[in-house]
Amino acid sequence: MMDNESQFWKRFLIFTVLLFVFIFAYELFLTTYFNPKQTEIAKQTVKEQKKDEYKNLNVPQLMLGTFREKQEYKDKVSVKLGEYSLEIAKKGGKILRFIDRKYGFDVISRVERDLKIYPLEIFTGNPEIDRKINFGDYEVVKKNNSVEIIHKELKLKKILSYKNNGTIEFKVEGLKTPFWVYVGTPPDDEAFYTHVGPILKINDEVVRLDIGDLKGITELSGNIEFGGEESRYFFKGVKNYEKHIVYKINYKNDYISLSLFLYDSPKELYYGAKDYARLRNIGLEDALDWGALKIIVKPLFKFLYWIYEHTGSWVISIVVLTLIVRIILFPLGYKTTVSMLKLQELAPRMEKIKQKYKDDPVKMQEEMMKLYAETGFNPMSGCLPILLQIPIFFALYKVLIITVDLKISSFLWIPSLADKDPFYLLPILMGLTMILQQKLTPSPDPKQAIIGYITAVAFTLLFISFPAGLVLYWTLNNVLNIAQNYIIKDVLLKGQANNKAKGRG
């Protein structure tokens, strides 16, 4: 029969792992599927209509189907607007490509290419006029940091002008307002437990709509600071308007969203990466998906980004964060190590108590607690450092999966800190450091050590698919913890023991 002390440590380790998994699952659930504010706002502002009620909504027909998909766009013009590259078709004035050159990413999605519906198409609600606008012949005139897309038959002109803050001003001349403008679908990007779909900041609240909860056409009205479609790292949207429409359509046995906004005056557009430096300058910080732990994630992100801006390295940011966390937790680590060493000293007395009261578990526990009180040992002292690190770990996890800069940040053999290690070397190294840490940690019970080794293997398997930046943080944390144990045991405590011996001498 396993003794009480072994049972305690087994329960503690199981509790820690289960808590780790629970918080991870809880964060993913909250981030991906549920937001109380979103639900409350949706009840107040979202109007969902059945298909036979579309006419009453005064919303446009997108003309999706055979006619649109048969169109060919061969005569194209390439245009550079600041840090973006566009490819514009003369037929329909379509924007076929919209590339954020810094990240080498085209925000025009595969869905849009298949359906042949492209950003900034105009819909008045009159199908005949809309067909002329969106499928007529245009002339493309390039100017300094702007491009004019001019309809050859109608007195219609679409003007895109690059602004120094990274946005593009969109202006339409020769058409009576208001009318609807197509924003787009979510960019093609791996979700990795982040929201993909419509996002708006409406009436001072950020609303992320789950496509699964929408029906047909959804109309939102209010003070919309920004709105559009997002993926993990990219955003297509517009600032400062009053009405937004989301279409839900079935595409290849899956549902996707298409967003439009109501144009009444020149608007500021942003089609690109969720690059924090850019978003900060144009008031789109909330386009970043901070998640359910926003209260921790946002300041942690800003701190890491501050280091990154001053060093140019996300690896240095992660190293600095790890050092700070270890320094803050050092006093607790010191108490934990002292407590574990004390437990080793108590092991013979504990064994006597177990043997003496092996037939009376209640009395055995009472005597154990007396022994703990007498010697000042706290069996729960090892929990606090781990529990304090859990929110930091999950906050960092969130930071790393939403930070597009990490996508182009490499480390040794790892091409991107935002993705998993392609060779799995870093997770294996992390597991080895956990095993070494367990080996060097004082433990009076061999069974407890075995449980620690099993936990190290389990964590290695869990971290295999995690962003490399997060694995790097945990590996560095383990290395610093090993160094901390050495400093405490072989420097501080030995020094104290030597001083006491000299005093007695």
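Taking region 340-446 as the region of interest, the helices (runs of 4 or more DSSP H) fully inside it that hold 1 or more residues being modelled with pLDDT of 80 or more and either of a type in the set (Phe, Trp, Tyr) or not assigned by TED's automatic domain parsing to the domain that holds residue 460 (or both) are 361-375, 383-402.
So how many residues does region 59-88 have that are aromatic (Phe, Trp, Tyr) and either in contact with a Gly (Cβ under 9 Å, 6 or more places away or on another chain) or surrounded by 16 or more Cβ atoms within 10 Å (Cβ to Cβ) (or both)?
In the first step, residues of region 59-88 are kept if they are aromatic (Phe, Trp, Tyr); the result is 67, 73, 84.
If we keep only those that are either in contact with a Gly (Cβ under 9 Å, 6 or more places away or on another chain) or surrounded by 16 or more Cβ atoms within 10 Å (Cβ to Cβ) (or both) as well, we get 73, 84.
Residues meeting the conditions: 2.
Among the residues of region 465-475, are any surrounded by fewer than 19 Cβ atoms within 10 Å (Cβ to Cβ), of a type in the set (A, V, I, L, M), under 27 Å from residue 416 (Cβ atoms) and modelled with pLDDT of 85 or more? If you could, list the steps in order and put the result at the bottom.
First, the residues of region 465-475 that are surrounded by fewer than 19 Cβ atoms within 10 Å (Cβ to Cβ): 465.
Applying the additional criterion that residues be of a type in the set (A, V, I, L, M) yields none.
No; the residues of region 465-475 include none that is surrounded by fewer than 19 Cβ atoms within 10 Å (Cβ to Cβ), of a type in the set (A, V, I, L, M), under 27 Å from residue 416 (Cβ atoms) and modelled with pLDDT of 85 or more.
Residues that are out of contact with any Asp or Glu (no Cβ under 8 Å at 6 or more places or on another chain) and in a loop (DSSP other than H, G, I, E, B) were ranked within region 159-187; the one that is surrounded by the most Cβ atoms within 10 Å (Cβ to Cβ) is 175.
Just the residues that are closer than 15 Å to residue 388 by Cα and either without any contact (Cβ under 8 Å) to a residue 12 or more places away in the chain or aliphatic (A, V, I, L, M) (or both), please, taken from region 312-322. Within region 312-322, just 321 meets the criteria. Being part of a strand (DSSP E or B) and over 25 Å from residue 86 (Cα atoms) is a description that applies to residue 207.
Selection of region 98-132 for residues being free of Cβ contacts under 8 Å to residues at least 60 places away in the same chain and more than 25 Å from residue 187 (Cβ to Cβ) yields 126, 128, 129, 132. In region 121-150, what residues are surrounded by fewer than 18 Cβ atoms within 10 Å (Cβ to Cβ) and under 21 Å from residue 236 (Cβ atoms)? Of everything in region 121-150, those that are surrounded by fewer than 18 Cβ atoms within 10 Å (Cβ to Cβ) and under 21 Å from residue 236 (Cβ atoms) turn out to be 145, 146. One residue stands out among those in region 313-346 that are among the polar types (S, T, N, Q) and crowded, with 16+ Cβ neighbours inside 10 Å: the one that is farthest from residue 407 (Cα to Cα), which is 339. Selection of region 404-420 for residues being among the aromatic types (Phe, Trp, Tyr) and without any contact (Cβ under 8 Å) to a residue 40 or more places away in the chain yields only 413.
Assess whether residue 300 counts as being buried (at least 17 other Cβ atoms within 10 Å of the Cβ) and either under 34 Å from the mean Cα position of the chain (by Cα) or at pLDDT 85 or above (or both). Spelling it out, residue 300 is indeed buried (at least 17 other Cβ atoms within 10 Å of the Cβ) and either under 34 Å from the mean Cα position of the chain (by Cα) or at pLDDT 85 or above (or both).
Test residue 156 against the stated conditions and say whether it is without any contact (Cβ under 8 Å) to a residue 40 or more places away in the chain, crowded, with 19+ Cβ neighbours inside 10 Å, in contact with a strand residue (DSSP E or B) (Cβ under 9 Å, 6 or more places away or on another chain) and over 20 Å from residue 270 (Cα atoms). Yes, satisfied. Listed by first and then second residue, the pairs linking a residue in region 289-311 that is outside any helix (DSSP H, G or I) to a residue that is surrounded by fewer than 18 Cβ atoms within 10 Å (Cβ to Cβ), with Cβ atoms under 8 Å apart and 6 or more places separating them unless they lie on different chains, are 291/30; 292/26; 292/30; 293/391.
Can you work out which of the residues in region 280-297 that are closer than 16 Å to residue 167 by Cβ and not basic (Lys, Arg) is surrounded by the fewest Cβ atoms within 10 Å (Cβ to Cβ)? Walk me through it before giving the result.
Step one: of region 280-297, the residues closer than 16 Å to residue 167 by Cβ are 280-287.
Now drop any that are not not basic (Lys, Arg), which leaves 281-287.
Numbers: 281: 14, 282: 16, 283: 17, 284: 24, 285: 16, 286: 17, 287: 22.
Of everything passing the filter in region 280-297, 281 is surrounded by the fewest Cβ atoms within 10 Å (Cβ to Cβ).
Selection over region 223-241 of residues that are modelled with pLDDT under 95 and in a strand (DSSP E or B) gives a count of 0.
The values are calculated or read from the model by the stated rules, or taken from the named source; none is laboratory data. Not measured: the values here are computed from a predicted model. Here Cβ is always computed from backbone atoms with ideal geometry, including for glycine, and neighbour counts include all displayed protein chains.
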